[in-house]
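Computed from the coordinates by the stated procedures, all read-outs in this text should not be read as laboratory data. Please read these numbers as outputs of a predicted model, since none were measured by experiment. Virtual Cβ from ideal backbone geometry, glycine too; neighbours counted across all protein chains shown.
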Amino acid sequence: MSFFDDDDDEEDDSLINNGINQRGSSSRTTRENSSLFIDRLRSTVSPHSEEIQIQIQIERERERSKASESIFDESNLSLSNFNENNFENQIQIQNYEKDEEDDDYDEEEEDLNDIKKLNKFWIKERGIPELSNWQGDLIDEIFDKLEQQQKMVNTLNSDPQTSEEEHFKLMLVQTEMERVKYLIRSYVRTRLHKIEKFSHYITVTPNTHHLLSGAELSHAKRYTDLLHTHFEHSVLDSLPEWLRKMDDTYGDGLSMISKPNRNTPVLIYCKRDCGEITLEGGERAALAKGTTHLVKYKLVDRWINLGWAEVL
Amino acid sequence: MYGDLALQLVTASHRSTLSTTPQLPLPKYALPLILSICLETRQLGQSITTAAEQYGQISLSQDKSLVCNLTVQHLSARRNKRCLLTYLSTRINGIKERWWDSGGSLAYLLSNEILGDNNNNNNELENDFEKEISNDKDLKNNLSPQEIDFLKGYNNLMLDYKSDFLDILDLNSNLNKPPKELMIDIRVIKDAGEIFLENGEKVDFRKGERFRLNRSNIERLIVQGFLEEV
């Protein structure tokens, strides 16, 4: 069951292989088919059960007639795009191609659906050494959708009228949900890792607090406490008193509070013309639109935060 | 020489992190070494204080050899502290890593100890080598009491954090690769008894049997070594 290996090429292939339908008509069928299915899914969460029964009856008949026309076209694949796009495709697009995205920056920003956005933030979070903004609204929205979809799936799964083919579709939906969950999990855990690494720094630097969610902030504080208690109980308590502090600065200017290393190199892709930057050696480099660079984070953080450059 | 012990500690700790794949068991907490380093540091502190008291402010600005002496002692003391903390935090990272690897199950992490102990008690005739191995594998035996406290605290902390959205998402599931399939084939390698799955189904896992099940349902059992992916 590795349908998610399929990318656009294979989707096209199945189109061609179908041969029965013209390209246009087949995709129309698909759209109708899947929209029917989506309607059905939606209707199951609304409380009017009688209506649903009728609706389902009607749809079932219509679907049956459709099914005889095209038993197996790419509708199953396009179904995975229902609500959430196949994110493997997106990763590929984001990682390698970019060709669709760099056309027009402003337009594109609005077009993105939630999963695409999450994908971007996930990549960014993993790419840069500092914490970036917590995407609370986005995550909440995706959580809502996931919950809703789980309900739909449960209802349809327990519905004895659901046909074999529909079970198959449901499975695709579920797999897609698992993959979205994976994204969120990875996103949250990347952040947690950074937060724990720099917990003391975050705790004592109030102007980083707006980057964190409430839960994350309290996690940072409590983690710092926990860690310091551990250090104190283990060794610090048996050292001379003047050595017990946790926020000393050494003679060479090295602080005990570790900060994000802003000298970490990041790989960026310029979506806009970002002007010139001055490198360490006094050299200047132009960040032209559509180019990729490997530079120190502190030199380009402005552009990354503005969204003009994208971390890869 | 001042700081030799600390160097020993840090080198050992560094070595233990070098091989992460396959993950080595966490080395035993080096309590004797740590105690002697603390002692050394205390002695240094003591000697600095007495020297400062004895000679007073005036001679400090004149007697260059005294200043030099105090500086060296001071730096050694600080270095000792730094080495100790480095050692501790390296271990903390290792502990956290194991916590995440075990799927965030504290009971499972610490239950190794019970198993190991039973083994030791039951088979006392076993040769020392095997004993050593089973000892090495027990995480709990190798942790200091403070570290166990930390682990428990960390566990609580993470429980608090993830409980907000546990009904939708389990933060602890594995992150190795994005899931490609919903169902996986598994083989039971250890009796796990009857287990209720998410959908209310009851499955009796007996050794040697094979199933095809929803991944998210049984991931935990795989992590804990009851099941194996085929």
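If the cut-off is a Cα-Cα distance under 26 Å, which lysines reach A:LYS116, setting aside same-chain residues fewer than 8 apart in sequence?
A:LYS98, A:LYS124, A:LYS145, A:LYS151, A:LYS169, A:LYS181, A:LYS194, A:LYS271, A:LYS289, B:LYS162, B:LYS177, B:LYS180
Using a Förster distance of 25 Å, how high is the FRET efficiency between B:SER36 and A:TRP242, based on the Cβ-Cβ distance and rounded to 0.05?
0.75
Arranged by the count of other C-beta atoms within 10 angstrom, fewest first, what order do A:LYS271, B:LYS96 take?
Sorted ascending by nearby Cβ count, the order is B:LYS96, A:LYS271.
Can you give the FRET efficiency for A:LYS117 and A:THR229, using 1/(1 + (r/R0)^6), R0 = 41 Å, r = Cβ-Cβ distance, to the nearest 0.05?
The calculated FRET efficiency here is 0.60.
Need one number: nm distance between label points at A:ASP144 and A:MET256, each 7 Å from Cα along Cα→Cβ, rounded to one decimal.
My value for the distance between the label points is 4.6 nm.
Starting from the Cα-Cα distance between B:MET183 and B:ALA107, subtract it from 0.36 nm times their residue separation and give me the gain in nm to one decimal.
Extra length from B:MET183 to B:ALA107 when fully extended: 24.7 nm.
Quote to one decimal, in nm, the extra length available between A:ASN133 and A:LEU267 on full extension: 0.36 nm per residue of separation minus the C-alpha distance between them.
46.3 nm
Using 1/(1 + (r/R0)^6) with R0 = 56 angstrom and r between the beta carbons of B:GLU194 and A:LEU306, what's the FRET efficiency to the nearest 0.05?
0.50
Taking the Cα-to-Cβ direction at B:HIS14 and at B:VAL67 and moving 7 Å from each Cα, how far apart do the two end points lie in nm?
The two pseudo-label positions are separated by 3.3 nm.
Going by how many other Cβ atoms sit within 10 Å of their own, how do B:PHE165, B:PHE196 line up, fewest first?
Listed from fewest to most nearby Cβ atoms, that is B:PHE196, B:PHE165.
Counting other beta carbons within 10 Å of each Cβ, put A:VAL266, A:VAL295 in order, fewest first.
Starting with the residue having the fewest Cβ neighbours, the order is A:VAL295, A:VAL266.
Work out how much length B:ASP149 to B:ASN93 would gain on full extension: take 0.36 nm times their residue separation and subtract the Cα-Cα distance, in nm to one decimal.
Gain on stretching B:ASP149 to B:ASN93: 18.7 nm.
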